[in-house]
């Protein structure tokens, strides 16, 4: 099955917006057993949309187009595709009634422009929108005279806002695709997530051991991010599941505790799960990460059972008053120092009565560095019932990536402590 | 100038990774005065990269390809493009020496696979990598026999890791493009950011007033995100600057204080700037947003001058002990209530001696809702020297978007208070 995504939106071409649709749809389609062959983004002009759809019609069996179904004048997808496929737009009474109900429930008037969303291409399938006003649309293109042996392309148009697109795809498009195009071959894939090792180093450790499997069709990929490398193992065909399982075993044997997830879990999800299993609690005291570690922990549903609370102590005074860091320690060693990190962690653990307390203090930059403590310097401390664990890093990154790298190291320190206390 | 981006990476097609390169490069190119006509993503297979580059060669004057220059076996861009353009790969001594220096400085051995990055296509321009090992490459394709009137395409290959790509593009590629292809026409654009109004409502208020300008070539676009709508005004040609300026004036007149930025500033940047101008300080007490508001504030460089500190008080006990919320208030009204939000803000302001304290308490979900207080319920309080400002919202979103929407409302409450205290 040749599958292509077209994301429309001038805001994408101007770089105003991140294209999160691509990731989300690719992930869903992969999970359903399909491969996305190609993804294209074009601006909101009729010509660009037309050219992209024409090119896709020559290749793809299924074309998923996102965006441009809304009420404003820069929403042109519906019109352009209807014209390209020679379909008239007609008013759909059911859609119009749904739009009117949507606004009535919110006590707002139906604007004239909003009604344009009730115009649908003749013969198209309407996908009701459960959370917004723009319905999705599906049209089966006429057979392509240039490649008559091929099946006609199926054009799926979905609204741009993620909270409308996601449920519409999951509840309506996915089942339809599964029915119309049962995945041709078994596809198996597995992602192992690591932290603490570089990409080359990981390949050096595992590629040789996986060579016989890669020769037999195992696909091995790496993706490096700040503080994290993903190893992607995938295969197609009847032996896919077995092959991927064998490969995962080899990687786990070679990399051991550097692997923090063998599924899709984030590092914070793993940490919350481990704490939940042990019925243990966590407090966090942050200086340079400014609340980011607490934010990641509280992104995990169920975090409230293990996370007691946190401080963002940006000033020296806050470190002293709220965490009980002795003034002399800051005076003697500075706010960015191992003794301060230790005192922050111990203070946080004591104050909250938590099993574990993580503390970080460092220099996020771009200013504030010195020769002895350059921008990027960070001290991490983890206070536990058994004592304190300390770590010192220099994370050479810009402000945001510095926070990311530091949070990874802090969460990993906690994870390593949790898994080793198992034994 | 016809400009196309090709992002390679199977991790992108599998949805493992967000394509942040597209946004970053599109933003840079727009700022340089270019329009990106098309962006394509393909997997790491030789065939897919080849097909994408071939298609681009038929249309584009400049093709920027990202990814696939690294050391691992799934890095194929260099090889595929060299083969496609009929160039041999030769060992570049300067690049090899740079790689060896890079590893020597880190006390790590040069792996054999890493040396592949010193192979460069004959006749290509090498772009040294200041922070990593893979150099960028530029090749001028031979004139296209199918369109001899056109100039030959310029192929720019850049490494995938953002921290290598960004400085390489800014320091080496941008100046080269500007020299070789001076932007053909004046391009002016302006983004006005709003919060508190929906997209249709904004269009209803401004589209009529802008009609004569849009008829004369003004491009008007909208981009709705959680808690934020961007209005994009742009034009080309000699009158572009004036036209966009006029349009911005009209929009500002119609929407007034709903506009929080007339440039690229984020809401948190605006808030930090306003506080800095007034030499005033901020404390934050967060329950349901779990540190996200503090994280956003501390993403702004210079935040330490105005942000004193914050609490993430997830438990009732933490709200009482650290913020001094009276037990009776929580008992009588619940942790998610207006009186609790008020007491949190007042406690935070008192404890930190801050000019302003923001507090939020709510139910992020997916569990924890009741009929009286459904998932999404949030109370926001802002304590100031003049008294307290309160806000109650129900944000119907998933956990992450709930945090986003709530943070927008809290920061906007603070911004509105800051700008009205001006007068």
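Coordinate-derived values only; no laboratory data. Remember, it's a predicted structure, so these values are computed and weren't measured experimentally. Virtual Cβ from ideal backbone geometry, glycine too; neighbours counted across all protein chains shown.
When peptides B:177-184, A:103-110 are sorted by average Cβ neighbour count within 10 Å, with the highest value leading, the order is B:177-184, A:103-110. The angle between the Cα long axis of helix A:267-278 and the longest principal axis of the Cα atoms of chain A comes to about 60 degrees, rounded to the nearest 10.
For chain B, averaging the sequence separation of C-alpha pairs within contact (under 8 Å, six or more residues apart) and dividing by the residue count gives a relative contact order of 10 percent. In summary, the protein assembly as shown shows an alpha-carbon radius of gyration equal to 0.97 times the 2.2 N^0.38 Å reference for compact globular proteins. In the assembly of identical copies, residue A:237 has its label point, taken 7 Å from Cα in the direction of the beta carbon, separated from the corresponding points by 6.0 nm (ascending, one decimal). DSSP beta bridges confined to chain B are antiparallel in about 60 percent of cases. Shielding by partners for peptide A:162-171, expressed as the average number of C-beta atoms from other protein chains within 10 Å of each residue's C-beta, is 1.
Once the Cα atoms are used to define both axes, helix A:338-352 deviates from the longest principal axis of chain A by about 80 degrees. In the assembly of identical copies, residue B:317 has its label point, taken 7 Å from Cα in the direction of the beta carbon, separated from the corresponding points by 2.9 nm (ascending, one decimal). Starting from the Kirkwood radius over alpha-carbon pairs of the stretch A:190-280, derive D by Stokes-Einstein at 20 °C in a medium of 1.002 mPa s and give it in µm² s⁻¹. D, rounded to a whole number, is 156 µm²/s. For the peptide A:222-229, the mean number of other protein chain Cβ atoms found within 10 angstrom of a residue's Cβ is 4. The two copies B and A are related by a rotation, and the chain B beta carbon nearest its axis, with distance in whole angstrom, is B:291, 2. Working from label points 7 Å from Cα in the Cα-to-Cβ sense, the residue A:125 to residue B:209 distance is 4.5 nm. Among B:351-364, B:317-330, the peptide with the highest mean count of other Cβ atoms within 10 Å heads the list, and the full ranking is B:351-364, B:317-330. At full extension, residue B:420 and residue B:266 could sit 53.5 nm farther apart than now, given 0.36 nm per residue minus the alpha carbon distance. All alpha carbon pair distances within chain A were sorted into 10 Å bins beginning at 0; the resulting P(r) in whole percents reads 4, 17, 21, 20, 19, 13, 5, 1, 0.
The simple spin-label model puts a point 7 Å past each Cα toward its Cβ; for residue B:242 and residue B:321 those points are separated by 6.7 nm. Seen against the Cα atoms of chain B and their longest principal axis, helix B:93-105 is set at about 40 degrees.
Residue B:208 label point (Cα plus 7 Å toward Cβ) to equivalent points in the other copies: 7.6 nm, shortest first. Per residue of A:27-40, other chain Cβ atoms within 10 Å of the residue Cβ number 4 on average.
A protection proxy built from the mean count of other Cβ atoms within 10 Å ranks the segments A:202-209, A:270-277, most packed first, as A:270-277, A:202-209.
If both residues of a DSSP beta bridge must be in the protein assembly as shown, then about 65% of such bridges are antiparallel. Over the residues of chain A, the helix contribution to mean residue ellipticity at 222 nm works out to -12000 deg cm²/dmol, using -39500 (n - 2.57) for each DSSP H run of at least 4.
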